[in-house]
Structures are given as C-alpha cells and as structure tokens.
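Everything on this sheet refers to the single structure shown next.
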Amino acid sequence: MANKTIAIVGAGASGLLCAITAKRRLHEAGKNAQVIVYERNPRAGKKLLATGNGRCNLTNMEQPLSAYHTDDIGTAAAVLGAFPVEDILQFFEDIGLTCVQNGSLVYPRSMQAASVLDVLRFEAERLGVLFACGQEISAIRPESGVFRLSASSGEVCRANAVIIASGSEASGGSAGGLSLLKSLGHKITPSYPALTPLRCDTTHIKTAAGMRANALLRLEIDGKAVHSEEGEVLFTDYGLSGIAVMQLSGAVSRLYASGKKHDVQIVLDLAPEYDFSQVYALLLRRRDILRGQPLEQLLCGFLNKRVAMAACKAADIGALSIPIETCTDRQLKTLAALLKAWRIPVIGVKGAPSAQVMGGGAALNEFDAHTLASKKTKGVFACGEVLDIYGDCGGYNLTWAWASGFVAGRGAADSV
C-alpha cells in the first residue's frame, strides 16, 4: 500500500514544529506516512533568524491570556494549554538547545536565533521530514479524498492532509496561505501590522527625534481611553516607536484598516511616579534653584534634554532662551499638565515591513480547538500567523507558533 502524505505549506517556526510533531506522532502510531514541507524561500526559517533582534526570544514563562489578541480566546486557550511553556522548554532541551532566562523571557544560551533554527532542522531531518524549498504552493484542490497541491510550475504532489503554516507575506511568509484558506471556504480578515511603530503629527516632537524616555502611555480613540502601556518610548522623525508604543499599535492598525476616520491620540505621562501636584511643586523648586539659567535647562536631570526641550516647546510657555525665573506659576502649571498628559495625534502606522508580527488571518473559530482542523474542509489544518491571532511583544508570538504547530501536527497525523 502506498504511503500516505502530510503536506505542510510553510517552513517557518510553526511549520517546523508542526513537521516534527507530525512525524513523531506517526512513528508512535506505527503509521507509514511521509511529511513534506513546502517553502517558497530558498531555505527554511528565514523569519525565525530575525526574531528578537537575532537572539530569538523563544517564549515567556508568564502566559496571561490577555497577552493574546483574537476574537476566539477560548480556542486560543485550548491550543496554548495543549503545549504549555514547560513542554516547550522540554522539547527544545530534548533536541539539543540549552535555554536561559532573562526575567520571564527565555532565550537560547547562545543568544543566536540560528541555533534555534539549526536544532529544529536537525531534528526534522533526523525524523525523515522532507523539504521542498523554492516551491510556492499556489492552489490546493480536494479531489477524491486527497488534495492536489500546485505551484506555478504545475502539480507538485497529492496529500492526504494539508497544514497551512505560511504566515503572512508582509512578515516574511506568504500571502498565498490566506488565499489558499479562502479558496477552501474560510473567512479571512485582511492582514494588518500588529506590532509596529506609529506615525504621528511630529510638529511638537521633532526636537526629540532619536531620543528615548520612560513613560506611561494611554491610547485614546475619539476621546475614549482604550488601552495603556508603560515602558520606553522612542521619539522618531515620523512619530513614536519602542515596545510600549508597538503594544498599542494593533488597535490603531485595525482602525485605519477599516477606512473610517477617527480621532486617535497617544497620551504620554512622562512622570508616572509623580502626581500633578508633585510635578508642579518640582517645577516651582527648580525655578528657584536654577535662577539665571535658560528655560531649556528647567528639566535638566529630570528628562532627556532634547525630550525636555520638546516638551517645553509643546507647552508654549516661552522661548527656550528665556530666564527660568521669568516663568509664571501659571506657565509652570501648564508645563506640569503637559508632562502628565502630553497629547500626540496619531495619523497612521508604519507599513508592514516595520511590523514584528501581522494581525488578521483566517478566523480562529473556524478551526477545531483540539486539533486545529478546518471546520470547512476535512483534512485541512492551519497553524501560526496565518490564523487571526497575535501576541504582545515578549515571546508570545513564538509561543503561539510552537503551540499551534504542535496541535496541528498532532491533529494531522491522527487524521491520516
């Protein structure tokens, strides 16, 4: 009897984990089936090499469901629970990767993403997984109980089960994965940058371009606070960046993708450990201490100098060259209010190439929570970024890749 075949479309993080899991499951069940991975790039794992600035933040020891963004958190919880962090760490240890922790973040001890890719590739090859790189699957057609996979060059193979693990084109994967799932009956939310810098009105922040400051950030849409983050903000020539900013960007990106006009603002609290009265009292005291100095020195030692200069300009309390002692109490109150709530209009998001991960994808509720099998087409599975879910910065997106790859690989192996 001819071998059965599981075809995996995409050799990124989820696709590699999926292939290993499927092959192991097949061996355990004594099934004679092959696993073949199709990848449009010349080699597997291209995006994985860039994760964590090349260091690869594998996962996070803390796993609050609030770190994941999807319309079906129940399915997400079931998938994540099937391959928890302890199992992820054991998996990598078993295939030869030594890991270290930095707080709750987990990295390979080598601090090289290439090490993660190498051990995954070595294990897949040891198990007999086949790779077909440079092959972009353009069509999948169910036919007489099997699937015909085609590339631009023509038919590639026939498979008994297919797993779509191709991510999104903008994040290093292929937009074809979404097209494939759409052709198989799935509802698709168009991709949008989910963790990306924000484009802002730079009128009052140009002076601070290239500088960083710790802040409490609040995202307001049409005057309503929708989310907040605390951390380092990077001022840029186009707007704002930094992890805390990118954590807020998914909601902004979805909003702009809808095409509707909204008033979107980032509100910065540059002194979160002080209340307004304390900031005002500090400014009054500085006015006395720094008599004879120009206004641009008022926040010396309190904020980065260029950020401080930008804040003073934005408060519009006088030229930076005026003597500090000439500032009135009212002007200092105005500056204190701005330091506690500096409103910066948002005009958009940076494009997909700047995004760490993309939102959108195939609706998660159209897949079985325990196998990630399609509820639309029997024999089809999906995992990773091609599904409509993304995580915050800090190892959550790779955690989803590992967990969803595990569940889909196991589910596909059990189905053939």
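Some points to look at:
- Region 321-372: number of residues that are of a type in the set (Ser, Thr, Tyr) and closer than 16 Å to Leu240 by Cβ: 1
- Evaluation of Ser168 against the conditions (1) in contact with an Asp or Glu (Cβ under 6 Å, 6 or more places away or on another chain); (2) modelled with pLDDT of 90 or more shows that the sole unmet condition is (2).
- Of the strands (runs of 3 or more DSSP E) lying entirely inside region 67-142, those carrying at least 1 residues that are of a type in the set (Gly, Ala, Ser) and within 17 Å of Val37 (Cβ to Cβ) are 130-133.
- Failed item in (1) under 18 Å from Arg43 (Cβ atoms); (2) open to solvent by 60 Å² or more (accessible area, probe 1.4 Å); (3) of a type in the set (D, E, K, R), with Glu123 passing the rest: (2)
- Within region 209-228, restricting attention to residues that are in a loop (DSSP other than H, G, I, E, B) and in contact with an Asp or Glu (Cβ under 9 Å, 6 or more places away or on another chain), the residue that is surrounded by the most Cβ atoms within 10 Å (Cβ to Cβ) is Ala209.
- Single match in Pro64, Pro108 (criterion: open to solvent by less than 40 Å² (accessible area, probe 1.4 Å) and over 29 Å from Asn160 (Cα atoms)): Pro108
- Of the residues examined, Ile324 is one that is touching a strand residue (DSSP E or B) at 6+ places or on another chain (Cβ under 9 Å), more than 28 Å from Tyr238 (Cβ to Cβ) and of a type in the set (Val, Ile, Thr).
- Looking across Pro294, Pro323, Pro272, Pro353, one residue alone is modelled with pLDDT under 95 and surrounded by fewer than 21 Cβ atoms within 10 Å (Cβ to Cβ). It is Pro353.
- Yes/no for Val252 being crowded, with 21+ Cβ neighbours inside 10 Å and at pLDDT below 95: yes
The values are calculated or read from the model by the stated rules, or taken from the named source; none is laboratory data. All values reported here derive from a predicted model rather than from experimental measurement. Backbone-built Cβ (ideal geometry, glycine too); neighbour counts: all protein chains shown. We work out accessible area using only protein heavy atoms, side chains counted, and drop any ligands, DNA or RNA first. Shrake-Rupley method; radii C 1.70, N 1.55, O 1.52, S 1.80 Å.
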